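Below is one structure; the comments refer to it alone.
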Amino acid sequence: MKKLYVLLFVLLFAAPAAVAAQPPKTPAASQDGFVPVEAPANGQDAMPAPRLVAAAYGFIWIVLFGYLWSIRTRLAGVEREMEVITRRVAGGKQ
Amino acid sequence: MFAYAPFMILGAPYEATMGLVQKIFYFHAACGMAMFLAAFVSGIGSAGFLFTRRPAADRLAVAGAELTSIIGLIVLVTGPLWARKAWGVWWQWDARLTSTLVMWLIFNAYLLLRRYGGPGSDRLAAAVALFGMANVPFVYWSVNVWRTLHPKTSVIPSLQPGMRGPFWFCVAAFLLVSTLILLLRTQLEKRRQQLDELYLALED
């Protein structure tokens with residue numbers, strides 16, 4: 001058990017030291033901050049950025065509204081079931 | 001507010017090296033923050049449930065876990081759409097992306113446990129949610145500590161004025177939508193618990 005504690009202690013203190021010992025990294029462009037410009041750099045893009053942006057925003061809206069719709073449907077289902085059960089419970093007590 | 005956000009993003013300036021695709025950032029990062037919030041709600045709710053056994057805490061934990069899973073999915077899909085253009089690859093097994101995926105899997109494990117775990121799975125799942133919440137600081141600081149392609153956390157405080165306004169507007173919109181969804185989902189869980197009690201009363 002004592003060995004386990006020693007091992008845990010070493011791991012706890014060795015992990016940050018190992019991270020600190022990593023070689024200094026050279027950050028890529030746009031990793032430290034964004035530089036705003038008036039218009040996008042045209043002609044050098046091989047991937048269709050508008051399609052990717054549209055896909056991203058479309059996906060977000062579909063998922064969020066789909067989830068809200070799912071909660072509403074489930075809530076309505078539970079309410080219906082509760083009404084039925086409440087009536088049965090009330091009927092059983094009479 | 002949520003409907004107006006795209007117009008603000010359209011009016012924001014383009015980024016010099018990434019161009020139009022950087023506009024994914026406004027919703028992607030805001031979703032990331034909402035995901036962290038949902039994970040904290042689930043973790044705190046789970047801790048409350050583990051220590052006090054209060055059903056209200058459990059309801060909050062379930063709602064938070066489900067929202068983490070949903071918003072996490074958005075983060076994990078919009079990120080690669082941005083990365084494909086900015087980095088040239090859909091996915092990179094670096095610290096930020098991998099830790100986000102692990103966190104998302106943990107909260108999905110929570111939901112699977114709740115659904116198929118049988119009796120007692122609520123407490124087991126609560127412990128899983130605590131691990132999920134503990135993952136949040138690792139995900140957040142991973143970009144600053146490990147070598148990664150993902151933008152660092154310093155990007156947000158250093159945003160230029162034209163980008164700052166739309167970004168914080170999106171964050172506010174997402175946090176507001178997330179809070180409303182959390183309340184609605186908590187209400188659903190409350191009604192479910194009441195329904196279970198009614199079934200028990202019927203059996204008696």
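None of the figures in this text is laboratory data; all of them are computed from the coordinates on show. All of these numbers come straight from a predicted model, not from anything done at the bench. Note that each Cβ is placed from the backbone with ideal geometry, even for glycine, and that neighbours are counted across all protein chains shown.
Using a ≥ b ≥ c from the Cα gyration tensor of the protein assembly as shown (square roots of the eigenvalues), is it rounded, prolate or oblate, where a/c under 1.5 gives rounded and otherwise the larger of a/b and b/c decides, a/b for prolate? Intermediate results must be reported in sequence, preceding the final value.
Numbers: a/c = 2.92, a/b = 1.45, b/c = 2.02.
Note, shape of the protein assembly as shown comes out oblate.
How large is the helix-only mean residue ellipticity at 222 nm for chain B, computed as the sum of -39500 (n - 2.57) over DSSP H runs with n ≥ 4, divided by its residue count, in deg cm²/dmol to the nearest 500?
Details: 6 runs with 158 residues, N = 204.
Computed mean residue ellipticity for chain B: -27500 deg cm²/dmol.
For segment B:1-133, give the magnitude of the charge dipole about the Cα centre (Cβ charges: +1 Lys/Arg, -1 Asp/Glu; no others), in debye to the nearest 20.
Numbers: 10 positive and 5 negative charges, 40 e Å.
My answer is approximately 200 debye.
Say we join alpha carbon atoms closer than 10 Å with springs in a Gaussian network model of chain B; which of B:G72, B:G162, B:G132 then has the biggest fluctuation?
Among B:G72, B:G162, B:G132, the largest mean-square fluctuation in the Gaussian network model of chain B belongs to B:G162.
With a cut-off of at most 16 other beta carbons within 10 Å, and DSSP calling the residue loop, which trypsin sites (Lys or Arg not before Pro) in segment B:6-108 qualify? Please list them. Mind showing how you got there, number by number?
Details: sites: B:K23, B:R53, B:R59, B:R84, B:K85, B:R96; in loops: B:R53.
Listed in order of number, the matching sites are B:R53.
Take a quick pass over the protein assembly as shown and tell me how many lysine pairs come in under 29 angstrom between Cα atoms, counting only ones 8 or more apart or on separate chains. Write out the running numbers ahead of the final one.
Working: A:K25/B:K23; A:K25/B:K85; A:K25/B:K152; A:K93/B:K190; B:K23/B:K85; B:K23/B:K152; B:K85/B:K152.
Lysine pairs meeting the criterion: 7.
Just how many % of Cα pairs in segment B:1-147 lie over 17 Å apart, if you round to the nearest whole percent? List each step's numbers first, then the result.
Values: 6790 of 10731 pairs.
The answer is 63 percent, as a whole percent.
Just to confirm a number: summing +1 for Lys and Arg and -1 for Asp and Glu over residues other than B:P157 whose beta-carbon lies under 12 angstrom from that of B:P157, what do you get?
Numbers: positive: B:K152, B:R164; negative: A:D32.
Local charge sum for B:P157: +1.
So who's got an amide H within less than 5 Å of the one on B:A16, skipping anything under 5 residues away but keeping other chains? H placed 1.01 Å off N, in plane.
Residues meeting the amide H criterion: A:V35, A:V37.
Relative to the longest principal Cα axis of chain B, at what angle does helix B:161-203 sit, 0 to 90 degrees, rounded to 10?
10 degrees
Give me a single rounded figure for B:113-123: the average over its residues of other chain Cβ atoms within 10 Å of their Cβ. It would help to have the intermediate numbers written out before the result.
Working: counts 0, 0, 0, 0, 0, 0, 0, 0, 0, 0, 0.
The per-residue average across the peptide is 0.
Please give the helix B:55-86 orientation as an angle from the longest Cα principal axis of chain B, in degrees from 0 to 90, rounded to the nearest 10.
20 degrees
Radius of gyration and Dmax for segment B:91-153's Cα atoms, expressed in Å?
14.0, 44
Which of the listed residues, A:S70, A:P48, B:Q194, is farthest toward the dipole's positive end in the protein assembly as shown, when Lys, Arg count +1 and Asp, Glu count -1 at the beta-carbon?
B:Q194
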